[in-house]
Every structure is written in structure tokens, then in C-alpha cells.
Amino acid sequence: MTKFSSSMAMFGMIILAVPTVASAQSCAEGGVAVQILGSGGPRINPERASSSYLLWIDGKARMLVDMGGGAYLRFGQSRANLSDLALVAISHLHPDHVSDLPALLWLSHQVRKDPLPIVGPTAGTAPDFATFLARMFDEKNGAFQVMGATLGAAKGFGVPLKVSVADVLKAEPFTVFEGQGLKVTAFGIPHANMPTLAYRVDTRDGTIVFSSDQNGTNPKFVDFARNADVLIMHLAIAPGTTNPVGRALHAPPAVVGRIAQQAHVGRLIVSHIGLFDLDAAIADLKTAYTGPLIIGADLQCTPIAH
């Protein structure tokens, strides 16, 4: 029996193997569903790309959350169309969440003419999101000057971007986008000293919360995620991992479970899975969480429903 199948037998939870490209088409069949493009963390993993998620509505990919390494390939495998996206939402500027963004935008003008709304965080130990994009794509000083069209240059490659910067220091959640079947609310979360946003998305079929990376120390996040039909949280560290004082990046498994339990979510999906004993991590999480649990895998698709 494999480690995954033994976990299923022990905990009675939903655990799916990495889907084939063909099976990924189920997200395009209709309704509202979330698809994981990348379920892994920053370390090299032969089965998991880094963090990225798609939200589908009626067979169209409407929202993209993060674009870590490997997600560009997974985006293609999902059969999503860039022209269908209503919003790209970036949680924070660690490479495992944003490094494939230039690849996604490189020839995007060939498949999309309308400006692409994109939102990311304010500054801290990283530049604010608008400055970050300028450092990459500015036609005179950017790392990818040939992509100056993304920021309004007359020449160059890439679809024009409609850039928004969301304040991670706001004490209460705030709306960053509304339209095309989505209402998107953002909220700053603690990820050591890296400015980071969680996103709550309300749709006609229910609500999904994308936690992204956080250390779990802000109790207001429980209210932000409360009663969500689906909560995606990141299972990045093993039980018993000691964080340096003042530099905690990730919540341990039991804290992930406690947050989901206190928020009374319909289902918890764990993703951004690190290279450690997954059975032990799930056992630790289950000490605090008793609801439905899905262990994320690349290209996995989960319907959202009340």
C-alpha cells in the first residue's frame, strides 16, 4: 500500500493522485469549480508545480491566483484561455508564487486584446506590486524591456495590464474586484515580514477562500474565512517545525486545522505541500479539524456548491 492510500485508509479523507491532462477537462464542464495548477512549495518536486489556482465559472477560467514555477505548463494543460480571465490576483512576491508570470504574459497579446486586471500587495520587504511589474516590464529599465506593452508602451509584447495595488495593512477586508460573476475581497495576512494577501471570492454557487502562505497568528483571518464553502490553506511545514522568533512564515499543520475548524468551512483543501512526511502532517492537522478534507494535487478540480 502506498503512502497516499495508507493515509486514505487511516483518516477516511479524499486523497487524489495527480490527475492526467485529460481528466483536467472536468473543470471546463460547467458550474463553479476551483482547479489547482500548482500544489507544491518552493523546493523542487517532480510531481508538483509551485502555487497557482484557477477559478472556473461555466466552463471558463475567470480568475487566476498566483503563478509560481511550473504553473505556466499547468495553465496550458488545464486548457484555460487567457482571454477568459477577469482577474489575476497575486498573493505575494516570493518566487514560488510569481516566477511564471512573465512566461504567461510573454505572447499574451496574441490571444487577448482587452486589458487584463491584475492585483497584488503593497510594499514591505518587497516592492509594491506596481513597482515590481515596472522592474520586470518597463520598456527602458525593466528586466524584460521587450514586454513594455504590458505597462502601456507603444511597442513591445504582452497584453496591457490594468494594475491595482492592495493595502496589506488595512485592518478590515476590502473589495478589489467585482464583475463577471465574481466579488473578490482581499485581506492582509502574516507571512513573516513579506506583505501577503488572502482572497475571498463570492460566486453564485458559493464562496472560496485562497489563504496563500501565512503563519496563522492573526485571529481575524478566521472571520475572513468564516462559512466559506471551500478554504484552500497551505501545508508547507512539518509538525514540530520551529520558526525563528519574529520570522514565522508558515502555520504548522495543527494550526491550519484549527483555523479551518473555527471558521466552520464546508471543505478544507491543503496545498503548497512541502517535502516531509505527509501522513504525520495530516495526523497533526486532524487533531484540530474534523471536517471534509482534500489533499491537493496538480490539475485537481473541485466543484464549489453550498
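The values are calculated or read from the model by the stated rules, or taken from the named source; none is laboratory data. Keep in mind that this is a model prediction, so the values were computed, not measured. Methodologically, a virtual Cβ is constructed for each residue, glycine included, from the backbone with ideal geometry; neighbour enumeration extends over all protein chains shown. All accessible areas refer to the heavy atoms of the entire protein, side chains included, with ligands and DNA or RNA removed. Shrake-Rupley method; radii C 1.70, N 1.55, O 1.52, S 1.80 Å.
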Exercise. Where the accessible area of segment 216-306 is counted over protein heavy atoms with a 1.4 Å probe, how much of it, in %, is carbon and sulfur?
Worked result: 57
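Can you tell me the convex hull volume per residue for the chain, based on C-alpha atoms, in Å³ to the nearest whole number? The partial results should precede the final answer.
Values: hull volume 37.0 nm³, N = 306.
Measuring per residue, one finds 121 Å³ for the Cα hull of the chain.
Report the extension gain between ASP114 and THR242 in nm, rounded to one decimal, defined as 0.36 nm multiplied by the number of residues separating them, less their alpha carbon distance.
Values: separation 128, 0.36 × 128 = 46.08 nm, distance 4.68 nm.
41.4 nm is the gain from fully extending ASP114 to THR242.
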Problem set entry | Once the Cα gyration tensor of segment 249-289 is diagonalised, semi-axes √(5λ) in Å | 17, 11, 10
Seminar exercise, completed: Taking a probe of 1.4 Å and leaving out DNA, RNA and ligands, the chain shows per residue an accessible area in Å² of 41
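Order these peptides, 116-122, 282-288, by their mean beta-carbon neighbour count within 10 angstrom, highest first. Each step should come with its number before you reach the end.
Working: 116-122: 22.9, 282-288: 18.3.
By packing density, highest mean first, the sequence is 116-122, 282-288.
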Exercise. Which number do you get for Rg(Cα) / (2.2 N^0.38 Å) in segment 190-299?
Worked result: 1.00
Exercise. What part of the accessible area of segment 46-149, given as a whole %, is carbon or sulfur when the probe is 1.4 angstrom?
Worked result: 52
Problem set entry | Dipole of the chain [Lys/Arg +1, Asp/Glu -1 at C-beta], most positive-end residue of SER164, PHE224, GLY240 | SER164
Seminar exercise, completed: Ranking LEU299, PHE174, GLN262 by how far each Cα lies towards the positive end of the charge dipole of the chain (+1 on Lys and Arg Cβ, -1 on Asp and Glu Cβ), the top one is PHE174
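Answer rounded, prolate or oblate for segment 138-183, using the Cα gyration tensor with square roots of eigenvalues a ≥ b ≥ c: rounded when a/c is under 1.5, else prolate when a/b is larger than b/c, else oblate. Please report the intermediate quantities before stating the final value.
On the way: a/c = 4.88, a/b = 1.94, b/c = 2.52.
Oblate.
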Seminar exercise, completed: D (µm²/s, integer) via Stokes-Einstein for segment 100-183, Kirkwood Rh across alpha-carbon pairs, 10 °C, 1.306 mPa s: value 116
Exercise. What size of dipole, in debye to the nearest 20, comes out for the chain about its Cα centre when the only charges are +1 on Lys and Arg C-beta atoms and -1 on Asp and Glu C-beta atoms?
Worked result: 160
Seminar exercise, completed: Per its Cα gyration tensor (rounded if a/c is under 1.5, else prolate when a/b beats b/c, else oblate), segment 125-262 is best filed as oblate
For this session: Tabulate in residue order the Karplus-calculated ³J(HN,Hα) for segment 93-98, using 6.51 cos²θ - 1.76 cosθ + 1.60 with θ = phi - 60°, rounded to whole Hz; enter x for Gly and Pro.
Result: 10, 6, x, 6, 10, 9
Exercise. Taking LYS113 as the anchor, which lysines have their alpha carbon closer than 24 Å to its alpha carbon, excluding any fewer than eight residues away along the same chain?
Worked result: LYS60, LYS140, LYS155, LYS162, LYS183
